[in-house]
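Here the structure is laid out as structure tokens; the discussion comes afterwards.
The values are calculated or read from the model by the stated rules, or taken from the named source; none is laboratory data. These numbers were taken from a predicted model, which means no experiment stands behind them. For neighbour counting, all protein chains shown are included, and Cβ atoms are generated from backbone atoms with ideal geometry for every residue, glycine included. Remember, those area values only see protein heavy atoms, side chains included, never the ligands or the DNA or RNA. Shrake-Rupley method; radii C 1.70, N 1.55, O 1.52, S 1.80 Å.
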Amino acid sequence: MSFKDEIERRRTFGIISHPDAGKTTLTEKLLLFGGAIQEAGAVKSNKIKKGATSDFMEIERQRGISVSTSVLAFNYKGKKINILDTPGHKDFAEDTFRTLTAVDSVIVVIDVAKGVEEQTEKLVKVCRMRSIPMLVFINKMDREGKDAFDLMDEVEQKLGLRVTPLSFPIGMGYDFKGIYNIWEKNINLFSGDSRKNIEETIAISDLNNPEIDELIGEKPATRLREELELIDEVYPPFDRQEYLDGNLQPVFFGSALNNFGVRELLDCFIEIAPSPRPKDSDTRLVKPDEDKFSGFVFKIHANMDPKHRDRIAFVKIVSGMFERNKPYLHVRHNKNMKFSSPNAFFAEKKEIVDISYPGDIVGLHDTGNFKIGDTLTEGENMGFKGIPSFSPEHFRYINNADPMKAKQLEKGVDQLMDEGVAQLFTLEMNNRKVIGTVGALQYEVIQYRLEHEYGAKCSYENFPAYKACWLKPDDPKNEEFAEFKRIKQKFLAKDKFGQLVFLADSEFSIQMTQSKYPSVKLFFTSEFE
Ligand code: G4P
């Protein structure tokens, strides 16, 4: 197969949803279709189970299995599918944001009864900002839920999307009879009392065909015709380019648990979803079919065994072929590195691979060389953009609780920050360290891991910050900036890349700063140029 064909057949995507909407179930059904697993229940859920044990032990458990679910790859109808795992728990939102920098499209799963939920809103917003193509799957149609039209209105309003249904449910809950597949123009019927099986697919090219009345009953058939007419009038026709540009989101209905509507989703997905897309770097746009390899680290996973402190850096290949044992430039360190055992990921296995293509993810063994966002190239000096840190929501001083273990603490904190567990800020005034996290749980995780993996002890103290604002003065030498630095001295810190950050204690203080020091620009992500 040619290099171009290899690229074209790749589909790298993430599934995003609020916890419990059915992401794991859908993932598993997709894997079953791809023949990558043989039975349901094979994909371990990495979500945090409520009340099982203490929450953070649950996180450790989750971390243990998340290497195996980080990338789930399989082949389906000639396409190579890479599903990237996106944790749904809000305390891991930043992990998910970072993974979204490595996907070429997403599927949004929504629970028909619950409608659009908070986490979905946040994640879709990020996808919208980046114009990532999105498909929407409305799940749990076997249950009573919201009316399909109302739900599509809600999706448009709350998520700011422009939708067009490519399938439509026939009834719902107890009366759920099946799905009309607008994309393929056929009807899929549930069969059996438990309505647990499809499976009759009947091609219907003409909606006036009386066969429909026989299949689903006269009343539902009339209703279906009316609904499809309404869809025709109200929703825009599907246009692939608009979908690819992030301006139109096709909607599918189904039930992941009952394997209903999933094949339809997958068959349409492989046809319309994008193959690997070009990515912006600080010097130029990099296209997948370029000869030379380039890629970036979007996730780092530490070994669970404290005796082997190596880690796996997950690299998304942007262009060219990644080859085993070939020297590549680690741009930030300006040094060449060779990888003798890069891993490729399949369903739940990883194996050493000689060649990988754009869209693929390779796992590189790392002894502490990588940070999230690092770029690898075949020699070119450039860095990929779009992997920013977002402002944390919690801030605490970290103190050394065992003076004999200062070195271990420093190393541990350093490595955990590289992994992206949290962000470290060093106060300008006194060099004290402040840890910022998205969720409060991370503090327990850090404390536990420092102790178990690095033999270091820490304690925390509250730091009264509300938001981290990255700074850029119009003129670093002007009076205004000097005054700002003097007045806000106590709240100025450096992030891990040495960028200056203002740790504001309230929204009010941010507003005051903006009006008092207009030449000092504040940014809410670490990447603003
Ligand atoms: P998540 O990864 O998005 O958090 O959701 P997950 O797939 O774990 O699904 C959450 C719950 O919803 C699970 O039930 C799952 O069985 C159920 N579910 C998923 N799809 C459907 C569907 O199409 N119809 C119905 N009725 N339920 C569905 P659970 O009881 O929380 O877990 P489990 O004990 O069944 O694993």
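Please count how many residues of segment 275-304 are open to solvent by 10 Å² or more (accessible area, probe 1.4 Å) and either assigned to a loop (DSSP other than H, G, I, E, B) or on the phi > 0 side of the Ramachandran plot (or both).
Selection size over segment 275-304: 15.
Determine, yes or no, whether Val421 is more than 19 Å from Leu500 (Cα to Cα), without any contact (Cβ under 8 Å) to a residue 40 or more places away in the chain and open to solvent by 20 Å² or more (accessible area, probe 1.4 Å).
Spelling it out, Val421 is indeed more than 19 Å from Leu500 (Cα to Cα), without any contact (Cβ under 8 Å) to a residue 40 or more places away in the chain and open to solvent by 20 Å² or more (accessible area, probe 1.4 Å).
So, in segment 81-106, of the ones that are among the β-branched types (Val, Ile, Thr) and in contact with a helix residue (DSSP H, G or I) (Cβ under 7 Å, 6 or more places away or on another chain), which residue ends up farthest from Ser391 (Cα to Cα)?
Of segment 81-106, the ones among the β-branched types (Val, Ile, Thr) are 81, 83, 86, 96, 99, 101, 103, 106.
Of the ones still in play, those that are also in contact with a helix residue (DSSP H, G or I) (Cβ under 7 Å, 6 or more places away or on another chain) are 83, 86, 96, 106.
On the way: Ile83: 27, Thr86: 19, Thr96: 15, Val106: 24 Å.
That would be Ile83.
Name the single residue, out of those in segment 342-356 being open to solvent by 40 Å² or more (accessible area, probe 1.4 Å) and not in a strand (DSSP E or B), that is modelled with the lowest pLDDT.
The extreme case among them is Glu348.
Quick check on segment 112-168: of everything there that is within 16 Å of the ligand (Cβ to nearest atom), among the polar types (S, T, N, Q) and in a strand (DSSP E or B), which residue is surrounded by the most Cβ atoms within 10 Å (Cβ to Cβ)?
Ranking the qualifying residues of segment 112-168, first place goes to Asn139.
Can you tell me which residue among Val315, Val251, Val297 is under 24 Å from Arg11 (Cβ atoms), β-branched (Val, Ile, Thr) and within 16 Å of the ligand (Cβ to nearest atom)?
Among Val315, Val251, Val297, only Val251 is under 24 Å from Arg11 (Cβ atoms), β-branched (Val, Ile, Thr) and within 16 Å of the ligand (Cβ to nearest atom).
Does segment 41-48 contain any residue that is within 15 Å of the ligand (Cβ to nearest atom) and at pLDDT 90 or above? Working first, answer last.
Residues of segment 41-48 that are within 15 Å of the ligand (Cβ to nearest atom), as a first pass: 41-48.
From the residues that got through so far, the ones that are at pLDDT 90 or above too are none.
Scanning segment 41-48 turns up no residue that is within 15 Å of the ligand (Cβ to nearest atom) and at pLDDT 90 or above.
Just to be sure before I move on: is Ile317 in contact with a Pro (Cβ under 6 Å, 6 or more places away or on another chain) and in a strand (DSSP E or B) in the structure I sent?
So Ile317 fits the description; yes.
Pick from Met134, Met152, Met57: which is hydrophobic (A, V, I, L, M, F, W, C), over 18 Å from the mean Cα position of the chain (by Cα) and modelled with pLDDT of 90 or more?
The unique qualifying residue is Met152.
Need pairs with beta-carbon distance below 8 Å; first residue under 11 Å from Ala313 (Cα atoms) and within segment 367-378, second among the polar types (S, T, N, Q); sequence gap 6+ or separate chains.
Within 8 Å, the pairs are Gly368/Gln415.
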